[in-house]
Amino acid sequence: MARGKQPSKAQRTPKVHRAIVTNTVDDFEAAFWPDERPVDNAVVMTMGALHEGHAALVRAARKQVGPEGRVAVTVFVNPLQFGAGEDLDRYPRTLDADVKLAEENGADVVFAPSVDEVYPNGEPQVRLAAGPMGERFEGATRPGHFDGVLTVVAKLLHITDPDYAFFGEKDAQQLAIIQRMVADLDFDVEIVGVPTVREEDGLARSSRNRYLSEEERTRALALSKALFAGRDVAAQGPKAVREAAAAALDTAEGVDLDYLALIDPHDFTEAADDFQGEAVLAVAAKVGSTRLIDNVRIIVR
Ligand code: PAF
């Protein structure tokens, strides 16, 4: 630039990474594989209503594949994983904001298909079954939920064909079951878990937090407090962990506890009293009419 000459507006404005938004499988494929270049690619599957937790997934995906690689974010509210009376209709749909968040964090393509695009033959007659791992904890309260999750995850893995797929550790049971599906059924993809993102006061980021009133949000802090209390005594063994977490919840007001459990992440069974190693301390509870889940990964001695 000649001395004294001001940069043009285009030169001053930082280059914004734009994501291509696609709604059909054909358009997605054309956008995600524009040429034959063999680059690493990654997918982040979501049901939309993206928040900082999803942003962390997209950033992790971008970091994994590098600037030359490709990152896809899928936005699809999957009816198969909602039971009767669950919040399918009330589930937030915020596509414009989702696209913005995805592209700001490094996504190249957003795939936001309709239900008919994903299930062109109507409700799938053949589905994946999560088996016993899908019947405990979340699965006990939400029968069939993980079968619905696995069915759509398998479909989206076939459509996006990624080297890596990123999922949040906040949905610990979902992550464990997807990892098991990939191992048991020889899917050619690496599943990567990304740590839970929390608000400053400890509340785990969740699309469902938006349903909480101010008072309920304060009450919901009891969940992470209980998990942290258990984590603080992890070196004293499973019994101490369970007791510390349960004691913190005992005094919590307005929290309708579903389960608090110390779990072996490999098969999602309750950890025995002599369990040692990496465990998941998980909690699920209703605060008002909103069901929340949270967990921490701890090393139990
Ligand atoms: O975690 C979610 O948002 C969903 O269960 C997933 C993995 C996108 C499948 O619909």
Problem - Positions within the stretch 159-176 being open to solvent by less than 30 Å² (accessible area, probe 1.4 Å) and in a helix (DSSP H, G or I), in sequence order - result: ILE159, THR160, ALA172, GLN173, LEU175, ALA176
Handout entry: Any pair with Cβ under 6 angstrom, 6 or more apart, that starts in the stretch 178-196 at a residue that is in a loop (DSSP other than H, G, I, E, B) and ends at one that is of a type in the set (Asp, Glu)
Key = PRO195/GLU169; THR196/GLU169
Problem - Whichever residue in the stretch 149-183 is farther than 22 Å from VAL115 by Cβ and in contact with a Ser or Thr (Cβ under 6 Å, 6 or more places away or on another chain) and, among such residues, is farthest from the ligand (Cβ to nearest atom) - result: GLU169
Fill in the blank from the handout: Condition set buried (at least 21 other Cβ atoms within 10 Å of the Cβ) and over 21 Å from ARG198 (Cβ atoms), scope the stretch 34-47, selection nearest to the ligand (Cβ to nearest atom): answer is MET45
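Please pick out the residue among ALA72, ALA107 that is open to solvent by less than 20 Å² (accessible area, probe 1.4 Å), at pLDDT 95 or above, on the phi < 0 side of the Ramachandran plot and part of a loop (DSSP other than H, G, I, E, B).
ALA107 is the lone residue from the list that is open to solvent by less than 20 Å² (accessible area, probe 1.4 Å), at pLDDT 95 or above, on the phi < 0 side of the Ramachandran plot and part of a loop (DSSP other than H, G, I, E, B).
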Completion exercise
Given (1) assigned to a loop (DSSP other than H, G, I, E, B); (2) modelled with pLDDT of 95 or more; (3) open to solvent by 40 Å² or more (accessible area, probe 1.4 Å), LYS155 misses just (1)
Fill in the blank from the handout: Checked against (1) away from the ligand (no atom under 12 Å from the Cβ); (2) open to solvent by less than 10 Å² (accessible area, probe 1.4 Å), GLU190 satisfies every condition except (2)
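The values are calculated or read from the model by the stated rules, or taken from the named source; none is laboratory data. Remember, it's a predicted structure, so these values are computed and weren't measured experimentally. A quick note on method: Cβ atoms are made from the backbone with ideal geometry, for glycine too, and the neighbour counts reach across all protein chains shown. What goes into the accessible areas is simple: the full protein's heavy atoms, side chains included, and nothing from ligands, DNA or RNA. Shrake-Rupley method; radii C 1.70, N 1.55, O 1.52, S 1.80 Å.
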